[in-house]
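Following: one structure in structure tokens, then a few remarks.
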């Protein structure tokens, strides 16, 4: 029997276009209904953007005390970047705001540029992020058209691998990234574009691993809520 009130850790494959809070709210609502209670602590470790899918860690009950610990685990992503164009959010949330040349980019150049991001690096978070500035979320300020002065954060990229490179009329690359807590793959896309003397934005992102948990070990949200296991 799983005691959800006492606490457990659940791993979901977050659906596309769901926010992390959507997952938490749905899980909480169904567990409260099933348990016949009005309140239950439910939280997540490591936010995923709505346009990202993959491993999402959800804690219930007393296990919510482990959120910081679980959030600190190493993460792995597979990301696809469109080269030669940027957006304000560095992903598909916003329309393209600028285009850049790509004819000079070769596979060898991409592979060489990726090595620059290995190890301990500094990264400026995206303006459209949940970072706080004077108590306000950066994305709230950005959506109001205000300047968002964010400071660089130190993070670690353990591995970065080029999985696919298509340099045709719509050039795209797919990379695998193993990184520390706090890494914004959208910001990495921006920085890779700049390092290629061009531009880039994220068009697909999947978190494939958190700690030792891989995406193939995760539950689908609807599968869980339709048949809550061992309650």
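Extension gain for residue 16-residue 47 works out to 9.8 nm (0.36 nm per residue, less the C-alpha to C-alpha distance). Calculation over all alpha carbon pairs of segment 1-83 in 10 angstrom steps from 0 returns a P(r) of 18, 47, 27, 6, 2, 0 percent.
Under 11 Å from a label point 7 Å along Cα→Cβ of residue 153: give me every residue in segment 93-124 with its amide N that close. Label zone hits: 123-124. In the chain, Cα pairs under 8 Å separated by at least six residues give a relative contact order of 29 percent.
When the Cα convex hull of the chain is projected onto planes of every orientation, the mean area is 13.6 nm². What separates the Cα centres of segment 42-109 and segment 185-231 is a distance of 6 Å. Once the chain from residue 38 to residue 161 is taken as fully extended at 0.36 nm per residue, the excess over their C-alpha distance is 39.6 nm. Compared with the alpha-carbon gap, the fully stretched path from residue 94 to residue 115 is longer by 4.7 nm at 0.36 nm per residue.
Let's test the formula: R0 of 35 Å, r as the Cβ-Cβ distance of residue 228 and residue 180. What FRET efficiency results, to the nearest 0.05?
Efficiency at R0 = 35 Å is approximately 0.60.
Each value in this text was obtained by applying a stated rule to the coordinates, not by laboratory testing. In this text, all values refer to a predicted model and were calculated from it rather than measured experimentally. Glycine also receives a Cβ, built like all others from the backbone with ideal geometry; neighbour counts cover every protein chain displayed.
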